[in-house]
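Values in this text are rule-based calculations from the coordinates and carry no lab data. Nothing here was measured: the structure is a model prediction, and the numbers come from that model. Every residue, glycine as well, gets a Cβ built from its backbone with ideal geometry; the counts of neighbours run over all protein chains shown.
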Number of protein chains: 2
Amino acid sequence: MPVFSRPRALVFDVNETLLDMSPVKQAFLETFDTEFAFTYWFSLMLQYSLVDTVSGSYHTFPQIGEAVLKMTTEFFNRPLSEEVQKQLLHTMAHLPPHPDVEDGLQQLRQAGFRLAALTNSPGDSLSQHMQQTGLGHYFEGLWTVDDVQVFKPSPKTYQLALSRLGLGPQETMMVAAHGWDIAGAARVGMQTAFIARNGQSVYPLATPATLTGDTVGAIARQLIAH
Amino acid sequence: MPVFSRPRALVFDVNETLLDMSPVKQAFLETFDTEFAFTYWFSLMLQYSLVDTVSGSYHTFPQIGEAVLKMTTEFFNRPLSEEVQKQLLHTMAHLPPHPDVEDGLQQLRQAGFRLAALTNSPGDSLSQHMQQTGLGHYFEGLWTVDDVQVFKPSPKTYQLALSRLGLGPQETMMVAAHGWDIAGAARVGMQTAFIARNGQSVYPLATPATLTGDTVGAIARQLIAH
């Protein structure tokens with residue numbers, strides 16, 4: 001376990017970490033008749049974002065999402081109309097925050113932490129999302145990997161956030177609900193907090209998370225107690 | 001569609017392309033009570049091999065397989081004994097070839113093509129596997145990404161094969177049952193053949209495969225007809 005020291009800034013992942021993906025899980029369940037269709041699709045989306053990254057190619061996260069939706073329909077042998085495909089991607093673009101998020105962010109701001117967001121989604125969808133959810137004003141920066149054209153967990157993505165914060169990695173903490181994001185942030189020397197959302201787990205071969213909790217509030221309490 | 005020109009050498013992916021993963025799918029089905037557990041596990045294994053690659057870390061494919069098996073047991077909320085875990089990984093290490101493979105390789109050798117294999121698995125398991133299946137003698141080289149410590153589809157892995165063959169990319173053809181392998185090989189300029197095994201599909205955002213067929217024999221017939 002890495003040694004904890006009070007970070008000056010927290011960098012939040014967005015999808016699943018702040019935003020509740022249940023509505024898109026439900027939409028996939030209704031469309032494909034199995035809850036695994038969402039898991040399959042999202043897993044392919046993450047895998048192919050890295051296929052692009054390691055092979056020196058780049059497409060936006062929604063472009064990859066649409067491409068791997070086609071692969072998902074082939075896997076489940078379930079052709080979808082263009083309308084249904086659009087509905088699924090629309091649902092993904094309009095997710096609500098998890099119920100614990102706003103209170104947790106408020107506590108962290110009141111305790112004097114600088115807050116920012118760093119996501120694999122492009123900037124325009126991030127801004128729209130943060131405006132819809134009313135969370136935008138908690139963050140001094142809403143940053144996207146689209147600006148460096150590689151996906152998390154590439155070191156370049158975390159270095160983008162560190163450079164915009166003007167802080168060293170050990171003064172910051174990446175907060176995420178995905179093992180791969182925790183793994184990548186630790187590789188550049190950031191502290192990390194894993195939010196153990198339903199169905200998520202850490203990568204056993206990576207540096208363990210500095211902090212772990214079930215909600216943003218649980219992480220906030222640990223940070224404030226120090 | 002890229003223009004076809006008769007390649008001098010064919011480089012084969014191994015897992016799923018040559019080896020039939022049905023026994024490990026069956027073992028996961030019996031262990032987790034759902035056929036989706038295998039898909040989840042193998043998809044995580046590919047995703048985390050790339051997480052390691054982009055974040056500048058490296059573990060062997062079996063080490064990653066074991067780590068993500070732990071994540072799979074957490075996802076399905078199904079703790080497994082060490083014995084069952086070992087059985088699953090043992091099954092993975094002893095897969096039989098698909099029934100079409102030997103005849104297809106024989107046709108290709110008789111037609112004068114040079115043949116090699118390039119896999120994400122480490123060299124010792126590859127050699128053992130090729131010895132068990134009796135396929136080893138068809139290949140002039142059995143090559144592993146372990147020698148460059150990054151995973152396919154990193155360009156370094158295909159360049160390893162090209163350098164050992166002493167050929168340029170356009171004189172070779174990567175043969176694989178995975179969209180990501182086709183995508184990566186095309187990025188370094190190799191010709192590609194997609195074997196459309198059950199449940200597999202190409203990545204719609206990548207360069208389309210030069211050739212497509214259901215079996216090694218179907219690819220061989222197209223190559224020999226030219």
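Just A:GLY166, A:GLY141, A:GLY123 to compare: in a GNM of chain A, with alpha carbon springs under 10 Å, which one fluctuates most?
In this elastic network of chain A, the residue with the biggest mean-square fluctuation among A:GLY166, A:GLY141, A:GLY123 is A:GLY166.
Can you give the Rg and Dmax of the protein assembly as shown based on its C-alpha atoms, in angstrom?
Gyration radius and largest Cα-Cα distance of the protein assembly as shown: 22.6, 74 Å.
Please name which of A:SER43, A:GLY65, A:ILE224 has its Cα lying farthest along the dipole of chain A towards the positive end, using unit charges on Cβ (Lys, Arg +1; Asp, Glu -1) and the Cα centre as origin.
A:ILE224
I need the per residue convex hull volume for the range A:88-180, using only the alpha carbons, in cubic angstrom as a whole number. Intermediate results must be reported in sequence, preceding the final value.
On the way: hull volume 10.8 nm³, N = 93.
Hull volume over Cα atoms, normalised by residue count, gives 116 Å³.
Where does the Debye-calculated log10 I(q)/I(0) of the range B:49-145 sit at q = 0.22 Å⁻¹, using only Cα point scatterers of equal weight, no solvent?
Debye intensities relative to I(0), on a log10 scale: -1.14.
Can you give the Rg to Rh ratio for the range B:22-92, taking only C-alpha atoms and Rh from Kirkwood?
Over the Cα atoms of the range B:22-92, Rg/Rh equals 0.97.
Quick one: which residues, 5+ away or cross-chain, put their amide H under 5 Å from the amide H of B:VAL175? H built at 1.01 Å from N.
B:VAL11, B:PHE12, B:ASP13, B:ALA193
Considering all alpha-carbon pairs of chain B, what whole percent are spaced by more than 22 angstrom?
50
Based on the mean of other Cβ atoms within 10 Å per residue, sort peptides B:97-108, A:179-190, A:71-82 so the most packed one is first.
Working: B:97-108: 18.5, A:179-190: 24.5, A:71-82: 15.2.
In descending order of packing, they fall as A:179-190, B:97-108, A:71-82.
What is the set of long-range amide H partners of A:LEU19 at a cut-off below 5 Å, with H atoms built 1.01 Å from backbone N?
Result for A:LEU19 returns A:HIS98.
Counting other C-beta atoms within 10 Å, and keeping those with at most 14, which DSSP coil chymotrypsin sites (Phe, Trp or Tyr not before Pro) do you find in the range B:3-45?
When the chymotrypsin sites (Phe, Trp or Tyr not before Pro) of the range B:3-45 are filtered for loop state and at most 14 Cβ neighbours within 10 Å, B:PHE4 remain.
Working from Cα positions, state the angle (0 to 90°, nearest 10) between the long axis of helix B:123-133 and the longest principal axis of chain B.
On a 0 to 90 degree scale, this one is about 80.
Output, in nm with one decimal and in ascending order, the distances from the B:GLN63 label point to the matching label points of the other copies (7 Å from Cα along Cα-to-Cβ).
3.5
Which entries in the list A:LYS152/B:LYS156; B:LYS70/B:LYS152; A:LYS25/A:LYS152; A:LYS70/B:LYS86; A:LYS152/B:LYS86 go over 30 Å, if you measure between the two C-alpha atoms of each?
Check vs 30 Å cut-off fails for A:LYS70/B:LYS86; A:LYS152/B:LYS86.
Given H placed on each backbone N at 1.01 Å, which residues far from B:THR144 in sequence or on other chains put an amide H within less than 5 Å of it?
Sorted by chain and number, the residues that satisfy this are B:THR119.
Kindly give the distances from B:LEU89 to its copy-mates, label point to label point, with each label point 7 Å from Cα along Cα→Cβ, as nm values to one decimal ordered shortest first.
Those separations, rounded to one decimal, come out as 4.1 nm.
Starting from the Cα-Cα distance between B:ARG164 and B:HIS137, subtract it from 0.36 nm times their residue separation and give me the gain in nm to one decimal.
Net length gain for the segment: 8.0 nm.
Give me the angle, in degrees from 0 to 90, between the Cα long axis of helix B:36-54 and the longest principal axis of the Cα atoms of chain B, rounded to the nearest 10.
Its long axis makes an angle of about 70 degrees.
Just how large is the dipole of the protein assembly as shown about the Cα centre, in debye to the nearest 20, putting +1 at every Lys and Arg Cβ and -1 at every Asp and Glu Cβ?
1080
Per-residue Cβ counts within 10 Å, from other chains only, averaged over B:143-156: what number is that?
2
With the contact rule set at Cα under 8 Å and sequence spacing of 6 or more, what percent relative contact order holds for chain B?
Values: 366 pairs, mean separation 59.0, N = 226.
Here the relative contact order equals 26 percent.
Taking a label point 7 Å from Cα toward Cβ, how far is B:PHE4 from its twins in the other copies, in nm, shortest first?
List, nearest first: 6.2 nm.
If I fit a long axis through the Cα atoms of helix A:216-225 and take the longest principal axis of the Cα atoms of chain A, what angle between them do I get, 0 to 90°, rounded to 10?
10
Full-extension gain between A:LYS156 and A:ALA111, please, as 0.36 nm times their residue separation minus the C-alpha to C-alpha distance.
Once the chain is fully extended between A:LYS156 and A:ALA111, it gains 13.3 nm.
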